Amino acid sequence: MSGPTVRQHVRVGGRVQGVFYRDTCRRLAEEQGVAGWVRNLSDGDVEAVFEGPPEAVGHMVRWAAQGPPAAHVTRSTSVAEEPEGLTRFRVLPEAGG
């Protein structure tokens with residue numbers, strides 16, 4: 001992977017747990033060549049980090065605001081962060097809100 005790397009930290013709320021959000025997110029991130037992680041939060045939200053080429057990360061941020069077909073995202077925030085040099089995408093265990 002060459003060119004600039006960007007990182008976005010995303011948090012979404014609504015009906016986003018129990019709807020294959022994390023698995024779909026992982027699959028799409030891998031298809032886009034985006035590294036990072038996704039996890040459920042104990043308050044019902046989902047949190048994700050996307051790191052990679054700007055166009056691919058932008059695609060994932062836009063996807064996150066919609067989610068998979070069974071999801072109903074009611075709020076989405078995205079914050080740019082300094083890339084850490086992640087090399088793969090993982091589903092992490094649940095974390096506190």
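Read-outs throughout are calculated quantities, based only on the coordinates presented, and are distinct from any laboratory measurement. Given the structure is predicted, the values throughout are model-derived calculations rather than measurements. Here the Cβ is made from the backbone with ideal geometry for all residues, glycine too, and neighbour counts use every protein chain on show.
Both radii come from the Cα set of the chain: Rg as radius of gyration, Rh as Kirkwood radius; their ratio Rg/Rh reads 0.94.
Share of antiparallel DSSP beta bridges in segment 31-97, in percent to the nearest 5? Show your work: numbers first, answer last.
Working: 6 of 10 bridges.
In segment 31-97, DSSP labels about 60 percent of beta bridges as antiparallel.
When the Cα positions of Val16, Val91, Val34 are compared along the charge dipole of the chain, Val16 comes out farthest toward the positive end, with charges on each C-beta of Lys, Arg, Asp and Glu. So how tilted is helix 54-64 from the main axis of the chain? Cα-based, degrees 0 to 90, rounded to 10. Once rounded, one gets 0 degrees. Using the Cβ of Trp37 as centre and a radius below 11 Å, the other residues enclosed give a net charge of +2, where K and R count +1 and D and E count -1. For segment 1-55, taking Cα atoms only, Rg and Dmax work out to 12.0, 37 Å respectively. Under a no-solvent Debye model with one identical scatterer per Cα of segment 54-97, what's log10 I(q)/I(0) at q = 0.13, 0.14 Å⁻¹? Calculated log10 I(q)/I(0) at the listed q: -0.40, -0.47. Working from Cα positions, state the angle (0 to 90°, nearest 10) between the long axis of helix 21-32 and the longest principal axis of the chain. The answer is roughly 20 degrees.
What is the dipole size for the chain, taken about its Cα centre, with +1 at each Lys and Arg Cβ and -1 at each Asp and Glu Cβ, in debye to the nearest 20?
About 240 debye.
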